[in-house]
Structures are given as C-alpha cells and as structure tokens.
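Readers should treat all values here as calculations from the given coordinates under stated rules, not as data from a laboratory. Only a predicted model underlies this, so the values are computations on that prediction, with no experimental measurement involved. When we count neighbours, we look across all protein chains shown, and the Cβ atoms used for this are built from the backbone with ideal geometry, even at glycine.
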Amino acid sequence: MPPTRALVALLLAIGLPALAIAASKPPNFIVIITDDQDATQNSTHPRYMPNLHKWIRYPGVELDNYYVTTPVCCPSRTNWLRGQFAHNTNFTDVLAPHGGYKKWKSLGIDNSYLPGWLQDLGYNTYYVGKFLVDYSVTNYADKPKGWTDIDALLTPYMFDYNNPGFSRNGAAPVQYPGQYSNDVVGDKALAQLRTAIAAGKPFFHQISPIAPHTSTQFFTNPETNLTSVFFYPPIPAPRHWELFSDATLPQGTPQGNLYEKDVSDKPAWIRALPLAQQNNRTYLEEIYRLRLRSLFSVDEIIGRVFNVLNETGTLDNTYVIYTADNGYHVATHRFGAGKVLPYEEEIRVPFLIRGPGIKASKSDKPENHKVGLHVDFAPTVLTLAGAGKQLAGKELDGTPLGIYDNDDGTLRADYPRPKYYRNQFQAEFWGRWSDELLHHLSIYANNTWKAVRVHDEAKNRDWKLIASCTNERELYDLTYDRGELRNIYAKADKRVRSRLEGLLAVLAVCRGESCSNPWKVLHPSGEVQSWAQALQGKYDSVYDDITPFRFKNCLPYQVKDNEVSQFRAQIDAAAAKGRRRDLASGAAAAASNAAAGTTSSDVVFIADVEKHARPVPQEVLDLDIGKLFENYDIYLA
C-alpha cells in the first residue's frame, strides 16, 4: 500500500477525526508560464532547457496534446485563470475597447477566478511578472484582486528586457535600470516562494517571465512630444548571447511547413503574401536563436525554484507546472514571426507537470496523449486542492485534465476518470493579423476565425476545420499532414466533414457542459459520446440537417448575432437553467484546507535585486498609456 494511503488507514484505525486526516496537507502549486513559447519548433528541447527536463519532465509528465484556445496573451491568460473560453468571458482582445485592463476589471473577472477561489480554500496566492499588457504606470493602483502578494510588470517597461518596471500590490512603480528582466522576475519569485513556505499555509505561486516575447522600446520625440513603439526580437541575458549559435529552424520536424511554396489551397490573403527571400530567412533564423537564448534564463529560474523546494523539504507536496500563454510561429507557411492564427504552431503549447500522485515518465517523449486546454487548468487545480465538488458552481467551460492516465497509485481517489474523455475542442480569435518582425508584410484586417480540432484517441487520428469570417474553409488531416500544407475541405470524406461542421456549430457557441460534451447537444438521447461513434453511417441524416456555423460579417470583436449557429438559443437556455452555486461544498472544502495550515508566519523575504530599484520618473508616470496604443500595428501580447 502506498505510504500516504497506509497512513490514512492507520489514522482511521486509531480513531482520529476525519477532518484531521483530510486536512493533513493540501498540496502547493507553482506555475511557470512563459510568453509566446511554441511546442512545435523544439523550444523545449533538453539541450535548450535542461532544467525543465531534469526537474519537471523526467520526474513528471508532458501532455503532447495541450492547447490554448485564443492564441494571444491577455484573452488566453484570462481563459487560464477563469476556466472559460473567450466567447464566454467576452474578453477578446489585448487592448481596449474589447480587451485591456479597464475592461477586465469592469467585467469583474477578478471577482471570480482561480486565485480568489483558492483563497476561499485557505490558500495564500502569489504572482510575479507579466499580468496583462496594459496594466501600467497609469492604472497600477487598481491592483488585481485575489493575490496575497502580486508583483507585476508594468507598461511601458513590460517588454524592456534590460529595464523592467514593477508595482507590488498597487504601490508606487519602481524600475530596475540595467537589470535583466527574467533575472529580476526570478529573484522576486524566489523571495515570494520563501515567504510562501514560511507562512505555513498551502500556496499557489504563478511566475510569469516575458521570454521569449519580442522586446519593445518606447521613444518620445522631444520636438513633437509624440511617443512611438518599436518592436525588436527578444533579448537574451548578457551571459547567454553566444549560446546555440549552431541552432537552426527545425526543417526536419514532421511539420515540414517552413517557407511554404504552394499556398494555392490557403485563404486569399495568405495566397497574396510573398515568399520570404534569403535576407528575411537569415533574419528569421537569428530570431529563432534569440528566442532560445532568452528562454535559457527561464530554465535557470526553474533550477533555482527547485533548489528552494529541495532545501525547504517542500518538493514532495508541491505540483510544479510549466506552460505558455500561447504558441508562436517562426517562418511557417508565408509568415515571418507571430501568433493569432489557427495553425498548430499558435495554439499548441508546452504543458509539463510533476507532483503528488503523478507517475514519473523518465522519458524524452510525452507520456500523456489526452487533450488538454488552458480552460482546464483552473478546474484541475481546484480538484487537486480538494474542491472538486465546487466546479459545478463556477460556470466553467473546462474539465480536469487527463492526468489520471499517469496515476502512480496515490493520485486523489476523487479525481475524475471519465469513460469518455473530451477529445475535441474549439479555438477562436477576433481581430487583425500583423507580422511581428517582418514589418514590410501588409496588415490583414479580417483575421477573425473559429476552428474545431478533434483527436480520435481510439484510432490515433487528428482533424481540424477552420472557418474564417470571410467564410472560407480549411480542413486538415493532421495525422498525415501535421504541417497543415494540404487543405482537403473540398475533397474530404463527406462524413468527416459533416461531423466537423456539426461540432463547430456547437462548440463555437458552447457554454459549460456543452463545451466538454458537445455530443449531448448533437445527440440528446446519449447514444453518441465520441468521435468514433459519431462517424457511424446511421447518423448521416443528423449531420446533413445541421446548418454550418457562419459569420455574417468580418468584425474585430464578438457580436453574438454576427456568429450564427442553430444551437445558440438551446445552449444558452441550458446554461441558464444549470447555473448554480454549490456553497455548502465550498464552505466544507475551505474549512478543511484552512485547518491544514501550520502556525502562520509574518516573515517576508526581500529579493536582493531590490537594492537596484529606482522610482519611475514623473514624466513616465504622466504618460497616457492608452493613447500610446491607439495606432499600434503589432499585437503586443
């Protein structure tokens, strides 16, 4: 019998109260989330990130089918902490009016999201690094709720690798001239971690360095007093400038989609993009190397975090998770560098986890093939924290991740193990496309799209359908075309195409249970619960009668009437009927976890880097940050 279960059995045998057993030690959570890191172009290779493999992958597991559903930072980070798709949060952009910190606060997102839920369970919550792009020197005092301690990067210093600026808990901003941003985040993270451990309570700690995001510089012309934003490749730490000088873009990967010559099957706007010339290719190769170099300092943060966990004896009861806010492409198809597209490079991100109950993979290959999404993160953490009964009361679109496939025998007995795990999902974006680093490429305004992706676990088949707001369609058989080079929409098997269209019609407007189980909407009697079952010929008439999802117009924001699905009214009515709050189980879980903390400590550790802090100059505090972004051409997030 595993030692933890043996201990529980012994305590029960001698008659100790059940509460004391349940409250023995809730797990801690440390999350390291990078900015714009791909899972398809080898950025997590053990040569480039050795600590990630040593401390998380080998003693834990990697999920190789893990995705974001809105591939741009601020909506994606909101999905992550709220457990909802962007079409349900209605937080759909980086900046105002359809995104931005002011809208994020006005929507009340920080009134009901993961850190607050965890505090209700007796957890302390900590955050350091990038939060939202326009959390800035203008609005820093209105800090995000839910955090015991939040030390957040601020614009205009957010992507300035060698002069980062922060506000801690809404206090006056400070900058760190000449200090490397990822190192400052790492130093602050270690001080927060030691403080969290000393407090003696379970904790959640999110560490958010900016690598490998592009760097930005703000320049104010002294003659005109106008401020401009300039974008450059990411900047490595000075000690890492010469690393990986032999690294090249991975042309040998199964994707094989660098510098795609034949784009005749792609939407019209992609067909109009020029093929990159040699000077552009040389530049993109160096961008790739700079991304790897900037990530090496993040890998060093991982090693430092584990030194503290080992030193303090905290490791065994701590889940450590590594992921990214969205994916990223370099030189794929006809693009230069960026995100916001429906292709695999943008939506597929790394996700590695280790912790109590998770079997060590001891492998360089992913050992978990269940589909995972950012909207699954919050329900997963809540379930591992012992609050699984609360999920129904939070209007979540996600479901706990399929880590039960890697149970070492001690994973929580109440962790869900469904017979039919969700292996299909939707992705979405509203807005324009612009290349982040090849600035000669024209901006494309109508980059609003929805997509549905299916992983047929039984037959190991993968499919994707993309619906653009121009109502152009793309369909890819990802099993044989991982690079999305051959759009087979016109010649695909009719049965495959009709099922994908049916799923898209539901998932594009899903809420709550219909997001994790669209089959219940498509087949109310319950006879179909998987892709394989839906492909049976006897259901052809069901899918032939479904009107495909469509956009009426290309809009850079969400308007429900513009996104037409025959299932919208039905799904909205079911969500309204099922809305409820499970207050009793929430109170019980909070009491259980609150009782688990040992004597609380008021010790606060101060990072050594704070000796370099300087007040932000008044002229910067006086900047109108919103005005700086009015005419921006690049997606900052």
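Provide the convex hull volume over Cα atoms per residue for the chain, in Å³.
156
As a test of the formula, what do you get for the chain when each DSSP H run with n ≥ 4 contributes -39,500 (n - 2.57) and the sum is divided by the residue count, at 222 nm and rounded to the nearest 500 deg cm²/dmol?
Using -39500 (n - 2.57) per qualifying helix, the result is -7500 deg cm²/dmol.
Net charge near residue 184, counting Lys/Arg +1 and Asp/Glu -1 over other residues with Cβ under 14 Å of its Cβ?
Spelling it out: positives minus negatives among the neighbours equals -1.
Neighbouring Cβ atoms within 10 Å as the yardstick, rank 605, 244 fewest first.
The fewest-first ordering by Cβ neighbours comes to 605, 244.
Can you tell me which of 306-318, 615-627, 209-221 comes out highest on packing, and rank the rest after it, using the mean Cβ neighbours within 10 Å?
Ranked from most to least packed, the peptides come out as 209-221, 306-318, 615-627.
Any chance you could count the Lys pairs in region 428-578 whose alpha carbons are under 19 Å apart, treating pairs 8 or more apart or on different chains as valid?
Value for region 428-578: 10.
Working out 0.36 nm times the residue gap between residue 557 and residue 312, then minus their Cα-Cα distance, what length gain in nm do you get to one decimal?
So the extension gain works out to 83.4 nm.
Within straight cross-link reach of residue 143, meaning Cα distance under 26 Å, which lysines are found once same-chain residues fewer than 8 apart are removed?
102, 103, 105, 130, 188, 201, 394, 611, 627
Report the local net charge at residue 199: Lys and Arg +1, Asp and Glu -1, summed over other residues whose C-beta lies under 12 Å from its C-beta.
0
Work out the length of the dipole vector of the chain about its Cα centre, built from +1 on the beta-carbon of each Lys and Arg and -1 on the beta-carbon of each Asp and Glu, and round it to the nearest 20 debye.
Approximately 1480 debye in magnitude.
If you check each cysteine of the chain for another cysteine whose beta-carbon is under 4.7 Å away, which ones come up empty?
73, 74, each lacking another Cys Cβ under 4.7 Å.
So what are the ³J(HN,Hα) numbers for region 535-542, from phi and the Karplus equation (6.51, -1.76, 1.60; θ = phi - 60°), rounded to whole Hz, Gly and Pro as x?
So the Karplus estimates, Gly and Pro as x, are 6, 4, x, 5, 9, 4, 5, 4 Hz.
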